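The values are calculated or read from the model by the stated rules, or taken from the named source; none is laboratory data. For clarity, every value in this text was computed on a predicted model and none was experimentally measured. With ideal geometry, Cβ positions are generated from the backbone for all residues, glycine too; neighbour counts draw on all protein chains shown.
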Amino acid sequence: MRIAIIGYGMAGARLADHLRASNVSITVIGAEPHPAYNRILLSNVVAGAMEPATVLLHSPDWAKENGIDLRLGTGAAALHPSDHRIVLTDGSTVDYDALVLATGSTPWVPPTDGLIADGALAPGVVAFRDLDDCQRIVELATRGTPVAVLGGGLLGLEAARGLAGRGCAVTVVHPVGHLMERQLDPAAGHVLARVLGPKGIEFRLGQLATKYLPGKGLQLDDGSLVAAELVVVSAGARPETALAEAAGITVDRGVVIDDSLRTSAPDVYAIGDCARHPGTVGGLVQPAWEQAAVLAQLLTGADPHARYRGTPVVTRLKTRDVDLASMGEVHVEPHTTDAEVVRLEDPSRGRYTKIVLRDDRVTGAIVLGAPDVAAAVTQLHDRGTPAPADRMALLLGRAMPAGDSSDPAALPASTLICRCNTVDKGRLVGAWHAGARSFDSLVSTTMAGTGCGGCRDTVCALSRWLAEQDPLTEPEKLGCNAT
């Protein structure tokens, strides 16, 4: 069977990893010149905390070692589903039995006068989307450089925090009155701004950038000027669907797929940011990787009945010194619905917790500045188990449903440790006893910690706990900071 994957991002790379052990022929088409890399960690590259090489998902020899036909630096120019053929930008063609679209998304550039010049971003303007973007940002963002970030969403704030860490004078311009409006309510957004302000970030909220003045900055709709020698655009992304649409495949804010990841064209599938499934939202890695796992089972025949039913998403802001989790229904306000809403605000200390419950189950939450509370609430949300009757104790972190999250021994085997890869404690313990007796071995065997990286401390603590139970393990060889 010949399987072609268009897109060598996180979704396409993960699917290829699942397929490589099967008796199938795999061709991967990647428009970028690099091996696949972890886009979630790009803010760390901007911050200088990670080098570009450390975020790569595959080595340069990965394709050769696995017998995969990898076409780097080459895009797909056209699809011909009726002929089961792809035409590439270099004029070559690829025939397939099954085609997977993993084309991802492209940055959206606001219609601000001057941002686009001669069909491209103007000098001094960089989108925050891929590895090359990060390298350009790093080259331009020397210490003391005034930088404007267009967009106060998740990626915009991660970019702003990274640039502030480099010593740049950062101003975030956001047209909505509070930050991360998709994941946060206004109260939480204001507390987050208060937390990030002392870290070197100014905010111009509820204002539009009307004109870019090269070398000067951004003119806002109130006539003021945000001084900036560099403008970083992180105002959102749009599913990359042009290829599918031109081929007559059904598109509606993404390539429409069913529970088998099928598109409207025969033998054509879609996963990741380019796809639209009613059970999830785009822009996050966990749904893409779950889709890749299901599709691999279907394409190889390992489980013909496998289906993707959607992903309950927990969003985390991945910036230094800020702990924020958001999930489910976050915009429900007290006394406006039949839901129970419990909220605790402590803005002077940078803490905000809000929990939405229906029938004693957590259906939504925002937790800022309280990691223990976030761990407990996330477990309740994931499992759908009843919340403790003492809601205030839960908000204060005193009613942990599965013991203290910092104590691996207290966590039940079903506790989800790595959301990105759906790895629970039981799987990690099983991998340890099967021979993965170090942090690095646990990570490579289970893939825990290879997504957003937010669970690596927990995996590290778990490996230490396992080592303490195993007299044959030398703690100094665990390979993590738990020692």
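Name the residue that is surrounded by the most Cβ atoms within 10 Å (Cβ to Cβ), counting only residues in segment 110-147 that are small (Gly, Ala, Ser) and out of contact with any helix residue (DSSP H, G or I) (no Cβ under 9 Å at 6 or more places or on another chain).
Gly114
How do the pairs read when you match residues in segment 428-450 that are not assigned by TED's automatic domain parsing to the domain that holds His18 with residues anywhere that are of a type in the set (Ser, Thr, Tyr) and part of a loop (DSSP other than H, G, I, E, B), using Cβ under 7 Å and keeping only pairs 6 or more apart or on different chains?
From segment 428-450, the pairs are Arg437/Thr473; Val443/Thr450.
So, in segment 259-302, how many residues would count as being among the acidic types (Asp, Glu) and in contact with a helix residue (DSSP H, G or I) (Cβ under 9 Å, 6 or more places away or on another chain)?
Restricting attention to segment 259-302, the residues satisfying the condition of being among the acidic types (Asp, Glu) are 259, 267, 273, 290.
Next, from what is left, pick out any that are in contact with a helix residue (DSSP H, G or I) (Cβ under 9 Å, 6 or more places away or on another chain): 259, 273.
Result for segment 259-302: 2.
What residue, among those in segment 4-21 that are out of contact with any Leu (no Cβ under 8 Å at 6 or more places or on another chain) and of a type in the set (Gly, Ala, Ser), is farthest from Gly283 (Cα to Cα)?
For segment 4-21, the residue satisfying everything is Ala21.
List pairs: first residue in segment 173-198 and in the same structural domain as Ala365 (by TED's automatic domain parsing), second residue modelled with pLDDT under 95 anywhere in the structure, Cβ distance under 6 angstrom, at least six positions apart or on different chains.
none
Tell me, which residue of segment 180-208 that is assigned to a loop (DSSP other than H, G, I, E, B), touching a helix residue (DSSP H, G or I) at 6+ places or on another chain (Cβ under 9 Å) and of a type in the set (D, E, K, R) is modelled with the highest pLDDT?
Going through the qualifying residues, I end up with Glu181.
Can you name the condition, by its number, that Ala244 falls short on among (1) assigned by TED's automatic domain parsing to the domain that holds Val125; (2) crowded, with 17+ Cβ neighbours inside 10 Å?
Only one criterion in (1) assigned by TED's automatic domain parsing to the domain that holds Val125; (2) crowded, with 17+ Cβ neighbours inside 10 Å is unmet by Ala244, namely (1).
Right, Cys168: outside the structural domain of Val55 (by TED's automatic domain parsing) and within 30 Å of Met327 (Cα to Cα) or not?
Judged against the criteria, Cys168 is not a match.
Return the residue satisfying two criteria in turn: it lies in segment 264-312 and is under 14 Å from the mean Cα position of the chain (by Cα) and of a type in the set (Val, Ile, Thr), and of such residues it is surrounded by the fewest Cβ atoms within 10 Å (Cβ to Cβ).
Ranking the candidates gives Val281 first.
Since Thr319 meets every condition but one in (1) modelled with pLDDT of 95 or more; (2) out of contact with any strand residue (DSSP E or B) (no Cβ under 6 Å at 6 or more places or on another chain); (3) of a type in the set (Ser, Thr, Tyr), which condition does it not meet?
All conditions pass for Thr319, except number (1).
Can you list the strands (runs of 3 or more DSSP E) lying wholly within segment 88-164 that have 3 or more residues being touching a Leu at 6+ places or on another chain (Cβ under 9 Å) and under 30 Å from Ala296 (Cβ atoms)?
On the way: elements: 93-95, 98-101, 105-107, 125-127, 146-150.
Answer list for segment 88-164: 98-101.
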